Amino acid sequence: MLYNYAVANGLQNAPIRICDGMAVSYFPEMKCLGRSTSTVIDLSTIDPIEFDELTPLEQRVTYCVPVK
């Protein structure tokens, strides 16, 4: 579903940013990707980035609101 959303919005080559809701972001790399019975993104191998350290462009977030 994530890939389909990325393709539909022209973001298939954009980096993935994971936000924890506490003003911290992660930018996972291939070394974070694993497989179990599902896809696993293991953030324990990378350092968190504080919101204030993001570029103004990276600070922008537009949420997808489903149409009813």
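The values are calculated or read from the model by the stated rules, or taken from the named source; none is laboratory data. It should be emphasised that the depicted structure is a prediction, and the values quoted were computed from it without experimental measurement. Neighbour counts are summed over all protein chains in view; Cβ atoms, including those assigned to glycine, are modelled from backbone coordinates with ideal geometry. Note: accessible area is taken over every heavy atom of the protein model, side chains too, but ligands, DNA and RNA are not part of it. Shrake-Rupley method; radii C 1.70, N 1.55, O 1.52, S 1.80 Å.
Positive end of the dipole of the chain (Cβ unit charges, origin at the Cα centre): among Thr55, Asn13, Ala23, the Cα lying farthest that way belongs to Asn13.
Classify the chain as rounded, prolate or oblate, taking a ≥ b ≥ c as the square roots of the eigenvalues of its Cα gyration tensor: rounded when a/c is under 1.5, otherwise prolate if a/b is larger than b/c and oblate if not.
oblate
In this structure the chain gives 90 Å² per residue of accessible area when probed at 1.4 Å with all protein chains present.
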